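As structure tokens, the structure follows; a few thoughts come after it.
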Amino acid sequence: MKIYTKTGDKGTTALFGGTRVPKHHIRIESYGTVDELNSHIGLLKDQDTDQKTKDFLTEIQDRLFTIGAILATDPEKEKLKNGKDRLNIPKISDADIEKLEKGIDEMNEELPPMTHFILPGGHQSVSFCHIARCVCRRAERLSSALYDIEAFDDKVLMYLNRLSDYLFVLARKLSKQLQAEEIQWIPKKS
């Protein structure tokens, strides 16, 4: 399989189903940002953390590939002529979202209550987690804009929303685990 096809040399790319769109199309921005998020999750997974977290991050990466495939599919070509789904992969499920929620709840049980906003940083691993969270929020914003134009399975938006929450709490867990200081944002009085 050749890596370069030269079909995108004029600034277009093909969606699943063959539809060609400009590379700056909101659909491409959406799944491209999910791909960027997946790379940041990989970087986060490479940090010094427990195996349970690494395994969960691998599972998240799998779900992000699913989301990317959903976003890369032309809604008019979701179904094949025989009526079957073009994408023969598991969709994002309620169980996927609930697993993120359970992960958030489990981590929160071991953390001190949050009384202020927290400044990102304190340790490189924590910073990587906050960067992934921010990229996740951007993926969510772009996907939400796409959803307004061409709707898709709304569980994708729910998953991205919950994932950014998970990444925030994971950053707090990593801070505790790595004994990094959580610096609270306390606005200065004017």
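Residue-by-condition table, conditions (1) closer than 20 Å to ASP50 by Cβ; (2) part of a helix (DSSP H, G or I):
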residue: LYS102; (1), (2): yes, yes
residue: ASP105; (1), (2): yes, yes
residue: PRO113; (1), (2): no, no
residue: VAL126; (1), (2): yes, yes
residue: ARG138; (1), (2): no, yes
residue: ASP153; (1), (2): no, no
residue: LEU160; (1), (2): no, yes
residue: LEU170; (1), (2): yes, yes
residue: PRO187; (1), (2): no, no
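Look at segment 58-87: where a residue is among the aromatic types (Phe, Trp, Tyr) and a partner is open to solvent by 50 Å² or more (accessible area, probe 1.4 Å) and part of a helix (DSSP H, G or I), sitting 6+ places away or on another chain with Cβ atoms under 9 Å, you get PHE65/ASP35. Checked across segment 71-84, the condition of being assigned to a helix (DSSP H, G or I) and surrounded by 19 or more Cβ atoms within 10 Å (Cβ to Cβ) holds for at least one residue. Of all residues in segment 134-160, which are within 15 Å of ILE104 (Cα to Cα) and open to solvent by less than 50 Å² (accessible area, probe 1.4 Å)? Within segment 134-160, TYR159, LEU160 meet the criteria.
Candidates in segment 18-47 are the residues that are open to solvent by 30 Å² or more (accessible area, probe 1.4 Å) and either of a type in the set (A, V, I, L, M) or modelled with pLDDT under 85 (or both); of these, the one that is nearest to PHE128 (Cα to Cα) is LEU43.
The values are calculated or read from the model by the stated rules, or taken from the named source; none is laboratory data. Fair warning: this is a prediction, and the values are worked out from it, not measured in the lab. Glycine gets a Cβ as well: all are built from the backbone with ideal geometry, and neighbour counts include every protein chain shown. SASA here: full protein model, heavy atoms, side chains in, ligands and nucleic acids out. Shrake-Rupley method; radii C 1.70, N 1.55, O 1.52, S 1.80 Å.
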